[in-house]
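Working notes for the structure below.
The values are calculated or read from the model by the stated rules, or taken from the named source; none is laboratory data. Computed from a prediction, not measured in an experiment: that's the story for all the values here. Glycine gets a Cβ as well: all are built from the backbone with ideal geometry, and neighbour counts include every protein chain shown. These area figures cover heavy atoms from the full protein model, side chains too; ligands, DNA and RNA do not enter into them. Shrake-Rupley method; radii C 1.70, N 1.55, O 1.52, S 1.80 Å.
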Amino acid sequence: MFEKINQYIAEAEAANPSGKEDLEAYRLQYLGKKGVLTDLFAVMKEVPAEQRKEFGQLVNKLKNIAENKVNAIREQLENQVDSNAVAIDLTLPGASQEVGAMHPISIVRNEINRIFSRIGFTVSDGPEVEDDWHNFSALNFPPEHPARDMQDTFFINLNPNEEHYYGQLALRTHTSSVQIRVLDNQEPPVRTICPGRVYRNEAISARAHCFFHQVEGFYIDKGVSFADLKQTLLYFAQEMFGSETKIRLRPSYFPFTEPSAEMDISCSLCKGDGCNVCKHTGWVEILGCGMIDPAVLENCNIDSTVYTGFAFGMGIERITMLKYGVKDLRLFSENDLRFLKQFRGVV
Ligand SMILES: [Zn+2]
């Protein structure tokens, strides 16, 4: 009998169950209801009294060995699970997707659209590759007129054999061309703005680029006056740059407006005291405007003795640079994320 228990003890000590299933089998073999120990306790009362103490000690020894082994290996297995959990630590932040941002030009273009739509302007669109008529001639830039030199662009010669051509197709130099396209299809009253990309043959620098963005706007109806123009632009300036903003109009020249003006706003940085941005004048130029030249209205088959209108045009880059203090125009097209990420919070 003792021999048998000693054999159990040796086996229980030597066994090395690995994995949960092996361990459970081991536990059942020794400690289970139908296990070795249950059997041994059952036979204990049959053991002669003088041997019972020694028998009991051996049975307890076997029980301790089995219990200790089960506990030790169970702990070991649980720790293994823990170390796996470290490898996939669920508390670590996930690999999140980068949140994009609107391009500053888009932010400002949308803002301009919203400001003018609040006073009844629609938004119109037109092609970037434009013909001579819509980009120049209809807007009172006749062929050979020196005003064309102000807006040199990229021409496509459709008839290379012709000695004198005026670039029948060109990348549009302004979105004023959309004005003509709208009037081709719509009778006055018309009140619309035309945002879009335009092109000029310019050397690229901090202040000029071969492409940029414009918003042209115009309003044609009976009895539209220069006062309407001025009030509309004051409203725009105060909505865009703050209610304290003042405007001033200086006489200028554009082929398609008469009279024409450049509009300045009071410098929002120095409040008129003078700084680098306003070149110490207290004013910064933001757009050109004027009453639409009657010749342009007649080119669009609108009776200029009945209808009048005003027009204005601004560079979106210029407005954006003033609004956000951007010093170099080239940043807008370089795709540098360090620059673009700064506009994440602006919507
Ligand atoms: Zn200033």
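Filtering Thr232, Thr192 for residues that are of a type in the set (S, T, N, Q), in a strand (DSSP E or B) and touching a residue at least 60 places away in the same chain (Cβ under 8 Å) leaves a single hit, Thr192. Restricting the range 277-304 to residues that are open to solvent by 60 Å² or more (accessible area, probe 1.4 Å) and touching an Asp or Glu at 6+ places or on another chain (Cβ under 6 Å), the residue that is farthest from the ligand (Cβ to nearest atom) is Glu285.
Out of the range 235-267, which residues are outside any strand (DSSP E or B), open to solvent by 50 Å² or more (accessible area, probe 1.4 Å) and within 15 Å of the ligand (Cβ to nearest atom)? The answer is Glu244, Lys246.
Which helices (runs of 4 or more DSSP H) sit wholly inside the range 1-117 and have at least 1 residues that are within 30 Å of Asn335 (Cβ to Cβ), of a type outside the set (Val, Ile, Thr) and open to solvent by 60 Å² or more (accessible area, probe 1.4 Å)? Spell out the reasoning first.
Details: elements: 2-14, 19-31, 36-43, 49-87, 104-117.
In the range 1-117, the matching helices (runs of 4 or more DSSP H) lie at 104-117.
Check the range 305-312 and report whether any residue there is in contact with a helix residue (DSSP H, G or I) (Cβ under 6 Å, 6 or more places away or on another chain), within 30 Å of Pro146 (Cα to Cα) and either part of a strand (DSSP E or B) or within 16 Å of the ligand (Cβ to nearest atom) (or both). Within the range 305-312, one or more residues are in contact with a helix residue (DSSP H, G or I) (Cβ under 6 Å, 6 or more places away or on another chain), within 30 Å of Pro146 (Cα to Cα) and either part of a strand (DSSP E or B) or within 16 Å of the ligand (Cβ to nearest atom) (or both).
Please work out if Gly274 is within 16 Å of the ligand (Cβ to nearest atom), farther than 21 Å from Arg114 by Cα and in contact with a His (Cβ under 6 Å, 6 or more places away or on another chain). Yes.
Just for the range 200-234: of the residues that are within 32 Å of the chain's Cα centre (by Cα) and farther than 19 Å from Gly313 by Cβ, which one is surrounded by the fewest Cβ atoms within 10 Å (Cβ to Cβ)?
Ala203
Please specify each residue of the range 159-175 satisfying the condition of being farther than 15 Å from Pro127 by Cβ and at pLDDT 70 or above. Within the range 159-175, Asn159 is the sole residue that qualifies.
The set of residues in the range 322-347 that are touching a residue at least 60 places away in the same chain (Cβ under 8 Å) and surrounded by 13 or more Cβ atoms within 10 Å (Cβ to Cβ) comprises Leu322, Lys323, Tyr324, Val326, Leu329, Arg330, Phe332, Ser333, Leu340, Lys341, Phe343, Val346. When Val178 is tested against the conditions (1) out of contact with any Pro (no Cβ under 7 Å at 6 or more places or on another chain); (2) at pLDDT below 75, the lone failure is (2).
So, Gln186, is that one under 27 Å from the mean Cα position of the chain (by Cα) and more than 16 Å from the ligand (Cβ to nearest atom) or not?
Details: under 27 Å from the mean Cα position of the chain (by Cα): no; more than 16 Å from the ligand (Cβ to nearest atom): yes.
For Gln186, the condition - under 27 Å from the mean Cα position of the chain (by Cα) and more than 16 Å from the ligand (Cβ to nearest atom) - is not met.
Right, Ser117: within 21 Å of Phe310 (Cβ to Cβ) and not hydrophobic (A, V, I, L, M, F, W, C) or not? It is true that Ser117 is within 21 Å of Phe310 (Cβ to Cβ) and not hydrophobic (A, V, I, L, M, F, W, C).
Just one of the listed residues (Ala138, Ala147) is surrounded by fewer than 19 Cβ atoms within 10 Å (Cβ to Cβ), aliphatic (A, V, I, L, M), part of a helix (DSSP H, G or I) and out of contact with any His (no Cβ under 7 Å at 6 or more places or on another chain), namely Ala147. Report, ordered by the first and then the second residue, all pairs with beta carbons closer than 6 Å, sequence separation of six or more or different chains, a first member in the range 270-282 that is touching a residue at least 40 places away in the same chain (Cβ under 8 Å), and a second member that is part of a loop (DSSP other than H, G, I, E, B). Qualifying pairs under 6 Å: Val277/Leu269.
Given the residues Gly217, Gly290, which is the only one that is part of a strand (DSSP E or B) and in contact with a helix residue (DSSP H, G or I) (Cβ under 7 Å, 6 or more places away or on another chain)? Only one candidate passes the filter, namely Gly217.
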